[in-house]
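Below is one structure; the comments refer to it alone.
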């Protein structure tokens with residue numbers, strides 16, 4: 001119990017020093033949005049191409065989710081790492097001291113890992129959420145699966161908007177709808193461009 | 001060797017962790033009974049603080065280690081009180097003259 005208390009206190013301290021909460025929130029919303037919109041585009045493509053094989057849709061979708069997750073993990077870790085190293089160097093100059101092996105360095109390392117995980121998990125989870133209906137093709141018609149999947153994607157987009165609305169303390173419905181509109185725009189452009197193919 | 005009972009340090013540290021957290025951590029050191037941390041000067045990324053520790057047996061290395069772990073550096077040891085009782089600084093004629101001038 002004492003160990004758990006010390007551990008949570010340490011995490012709290014690292015969060016405060018590295019100010020990771022704000023960055024992680026931003027990454028979650030941005031990459032979750034990316035994940036949802038990517039999978040929406042991917043589903044519209046399959047729907048317009050009249051793909052009816054659920055295994056093709058699901059396996060391609062999962063591969064896309066994994067690729068987005070890996071992209072988030074790598075990209076975020078490397079960019080966050082270079083930013084954090086630069087910020088530590090600046091702090092070292094300001095305090096005229098070596099910050100290696102200090103709490104400050106540990107806190108920044110902790111932030112790099114947290115941001116990388118959030119960047120990886122957010123698009124993976126939101127995209128995976130949209131693919132769930134294709135696991136039930138035994139019980140549902142493939143067209144119904146597509147429609148449920150679109151509905152789930154819009155729900156995810158709306159919830160991400162609500163999440164951002166809660167942060168900015170704005171109207172949650174309007175904030176959610178702003179995200180949904182992005183999805184509608186994406187569908188409209190895809191349909192307009194692809195209907196002649 | 002006698003114990004350190006009071007220690008006054010001039011420290012330059014980053015803005016985060018705050019002086020609240022630093023003071024709490026210093027007070028947790030064995031042999032330290034009380035801590036006072038005062039802000040002397042503040043910059044965009046760093047701040048100068050005056051740290052006063054009082055206790056029965058203050059181990060300087062441990063105090064310094066906590067400060068370093070929090071990203072700070074001890075610029076100078078401004079005052080040390082040792083022995084069985086704390087002796088306050090006694091004003092002399094020179095001090096009075098300089099005050100009058």
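The values are calculated or read from the model by the stated rules, or taken from the named source; none is laboratory data. All values derive from a computational prediction rather than experimental measurement. Cβ placement follows ideal geometry from the backbone for every residue including glycine, while neighbour counts extend to all protein chains displayed.
Report whether or not residue A:90 is farther than 12 Å from residue A:23 by Cα, at the interface with chain B (Cβ under 9 Å from one of its Cβ atoms), at pLDDT 90 or above and touching a helix residue (DSSP H, G or I) at 6+ places or on another chain (Cβ under 7 Å).
In short, no.
Of all residue pairs spaced 6 or more apart or on separate chains, those with beta-carbon atoms under 7 Å, a first member in the stretch B:10-31 that is away from chain A (no Cβ under 13 Å) and a second member that is in a loop (DSSP other than H, G, I, E, B) and surrounded by 18 or more Cβ atoms within 10 Å (Cβ to Cβ) are B:26/B:32; B:31/B:55; B:31/B:58. Within the option set A:86, A:82, A:97, being over 18 Å from residue A:27 (Cα atoms) and surrounded by fewer than 17 Cβ atoms within 10 Å (Cβ to Cβ) holds for one residue only, A:86.
So which of A:23, A:39 ends up being at pLDDT 90 or above, in a helix (DSSP H, G or I) and under 25 Å from residue A:87 (Cβ atoms)?
A:23
Only residues that are surrounded by 10 or more Cβ atoms within 10 Å (Cβ to Cβ) and either in a helix (DSSP H, G or I) or in contact (Cβ under 8 Å) with a residue 40 or more places away in the chain (or both) were counted in the stretch B:74-97, giving 12. For the stretch B:5-22, filtering for residues that are more than 23 Å from residue A:103 (Cβ to Cβ) and surrounded by 21 or more Cβ atoms within 10 Å (Cβ to Cβ) leaves 1.
In summary, residue B:44 fulfils each of the numbered conditions (1) surrounded by fewer than 21 Cβ atoms within 10 Å (Cβ to Cβ); (2) in contact with a strand residue (DSSP E or B) (Cβ under 6 Å, 6 or more places away or on another chain); (3) within 12 Å of chain A (Cβ to nearest Cβ) with the single exception of condition (2). Filter the stretch A:150-168 down to the residues that are free of Cβ contacts under 8 Å to residues at least 12 places away in the same chain and closer than 16 Å to residue A:26 by Cβ, then identify the one that is surrounded by the most Cβ atoms within 10 Å (Cβ to Cβ). If we take residues in the stretch A:150-168 being free of Cβ contacts under 8 Å to residues at least 12 places away in the same chain and closer than 16 Å to residue A:26 by Cβ, then A:165 is surrounded by the most Cβ atoms within 10 Å (Cβ to Cβ). None of A:97, A:71 is modelled with pLDDT under 95 and in contact with a strand residue (DSSP E or B) (Cβ under 7 Å, 6 or more places away or on another chain) except A:97. Taken together, the criteria place residue A:41 among residues that are in contact (Cβ under 8 Å) with a residue 60 or more places away in the chain, within 30 Å of residue A:165 (Cβ to Cβ) and surrounded by fewer than 18 Cβ atoms within 10 Å (Cβ to Cβ). For the stretch A:77-84, does any single residue satisfy the condition of being within 14 Å of another protein chain (Cβ to nearest Cβ) and in a helix (DSSP H, G or I)? Yes, because at least one residue in the stretch A:77-84 is within 14 Å of another protein chain (Cβ to nearest Cβ) and in a helix (DSSP H, G or I).
Take the conditions (1) within 14 Å of another protein chain (Cβ to nearest Cβ); (2) in a strand (DSSP E or B); (3) more than 17 Å from residue B:7 (Cβ to Cβ); residue B:71 misses just one of them, which is (2). Of all residues in the stretch A:13-39, those being under 23 Å from the mean Cα position of the chain (by Cα) and within 14 Å of another protein chain (Cβ to nearest Cβ) number 8.
Here residue A:104 passes the criteria (1) over 24 Å from residue A:19 (Cα atoms); (2) touching a residue at least 40 places away in the same chain (Cβ under 8 Å); (3) more than 21 Å from the chain's Cα centre (by Cα) except the one numbered (1).
For the stretch A:110-126, state whether one or more residues are touching a residue at least 60 places away in the same chain (Cβ under 8 Å), more than 18 Å from residue A:36 (Cβ to Cβ) and outside any helix (DSSP H, G or I). For the stretch A:110-126, residues touching a residue at least 60 places away in the same chain (Cβ under 8 Å), more than 18 Å from residue A:36 (Cβ to Cβ) and outside any helix (DSSP H, G or I): absent.
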